[in-house]
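K.L.:
I have a structure here, written as structure tokens, and I will follow up with some questions on it.
The values are calculated or read from the model by the stated rules, or taken from the named source; none is laboratory data. Model, not experiment: these values are computed from the prediction. Cβ placement follows ideal geometry from the backbone for every residue including glycine, while neighbour counts extend to all protein chains displayed.
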Amino acid sequence: MANETDQAEAPAESAAVTDAWREALASRRTELAEPEGVPTTQAAPIELDVSRRNFLRASFWTGLGVTIGGGVALFLDYFYPRNVRGFGGPVPAGNVADFPRGAAPIANGVGQFWIANLDPADTAENGSDGAEGLMALWRKCPHLGCTVPWVPTAGVDISSEIGWYQCPCHGSTYTKSGIRVFGPAPRSMDTMAIDIDDAGNITVQTGDITPGGPDNPERAVTHPLLPT
Ligand code: FES
């Protein structure tokens with residue numbers, strides 16, 4: 001009898017275990033199928049990824065903008081002409097009283113020019129060409145750029161006069177007003193603008209250069225205090 005009872009209880013116990021497993025499995029599937037679980041665990045990384053991408057993009061454009069802006073600022077800062085001193089800017093050239101009319105030109109090394117008070121009565125071939133007043137001539141030869149000196153002893157075949165601007169490189173020769181009379185230079189010597197204040201103080205604007213031409217004599221500057 002005992003055996004029969006045991007045999008009857010065994011299937012019942014087995015069925016109970018099986019039911020427990022089924023419940024456990026059903027419960028497990030239910031947990032895995034929780035609808036809230038999937039979106040929650042996937043949405044967070046997507047938002048994080050988008051945010052990181054925006055941040056990197058903003059950082060890139062900001063960095064690029066700063067780099068380009070800095071480069072432009074440096075360029076402008078380097079090339080903007082402010083408070084220029086020496087050649088390229090205003091250069092003091094003394095007082096008009098220092099320049100007797102008809103005297104030999106005086107060199108200004110800082111401003112790279114020659115300056116003279118031209119006498120309109122100097123009609124010699126190396127003379128003023130009718131110019132009256134102060135004239136500043138850039139010493140750079142219009143041919144190939146050599147420095148042109150005033151040579152008091154220089155002469156040319158076309159004239160018995162001595163005292164010319166004469167380029168040592170290829171011989172271009174100019175009168176006191178910078179008019180070319182000889183040599184390969186394509187034009188007369190270039191002139192610089194001159195300012196004279198009420199007290200007769202002279203400033204040559206070495207950044208204001210006009211290419212030489214037949215009108216050089218007309219560019220001379222007069223002043224009431226200039227010696228006559
Ligand atoms: S550079 Fe002056 S003549 Fe050639």
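K.L.:
Show the residue pairs that are 6+ apart or on different chains and have beta-carbon atoms under 6 Å apart, the first residue being within region 123-148 and surrounded by 22 or more Cβ atoms within 10 Å (Cβ to Cβ) and part of a loop (DSSP other than H, G, I, E, B), the second being modelled with pLDDT under 95 and among the charged types (D, E, K, R).
P.N.:
ASN126/GLU161
K.L.:
Just one of (1) over 19 Å from MET192 (Cα atoms); (2) part of a loop (DSSP other than H, G, I, E, B); (3) not acidic (Asp, Glu) trips up GLY88, so point out which.
P.N.:
Single failed check for GLY88: (1).
So that you can scan it fast, the table gives a plain yes or no per residue for (1) polar (S, T, N, Q); (2) at pLDDT 95 or above:
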| position | (1), (2) |
| --- | --- |
| TRP138 | no, yes |
| PRO142 | no, yes |
| THR147 | yes, yes |
| ASP157 | no, no |
| TRP164 | no, yes |
| CYS169 | no, yes |
| THR175 | yes, yes |
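K.L.:
Could you check region 140-154 and list, in sequence order, the residues that are under 26 Å from the mean Cα position of the chain (by Cα) and either within 22 Å of ALA103 (Cα to Cα) or more than 11 Å from the ligand (Cβ to nearest atom) (or both)?
P.N.:
LYS140
K.L.:
Being in the same structural domain as VAL110 (by TED's automatic domain parsing), assigned to a strand (DSSP E or B) and surrounded by fewer than 15 Cβ atoms within 10 Å (Cβ to Cβ) is true for just one of PRO214, PRO152. Which residue is that?
P.N.:
Among PRO214, PRO152, only PRO152 is in the same structural domain as VAL110 (by TED's automatic domain parsing), assigned to a strand (DSSP E or B) and surrounded by fewer than 15 Cβ atoms within 10 Å (Cβ to Cβ).
K.L.:
While we're on this one: Of all residues in region 155-172, how many are in contact (Cβ under 8 Å) with a residue 40 or more places away in the chain and over 17 Å from ARG101 (Cβ atoms)? Full working, then the answer.
P.N.:
First, the residues of region 155-172 that are in contact (Cβ under 8 Å) with a residue 40 or more places away in the chain: 163, 165.
Going one step further and asking which of them are over 17 Å from ARG101 (Cβ atoms), we end up with 165.
Going through region 155-172 one residue at a time, the tally reaches 1.
K.L.:
What residue, of THR228, THR203, THR175, THR222, is within 16 Å of the ligand (Cβ to nearest atom) and either aromatic (Phe, Trp, Tyr) or touching a residue at least 24 places away in the same chain (Cβ under 8 Å) (or both)?
P.N.:
On inspection, the qualifying residue turns out to be THR175.
K.L.:
While we're here: Kindly evaluate ALA97 against the criterion of being modelled with pLDDT of 95 or more and part of a helix (DSSP H, G or I).
P.N.:
Yes; evaluated as a whole, the condition is true for this residue.
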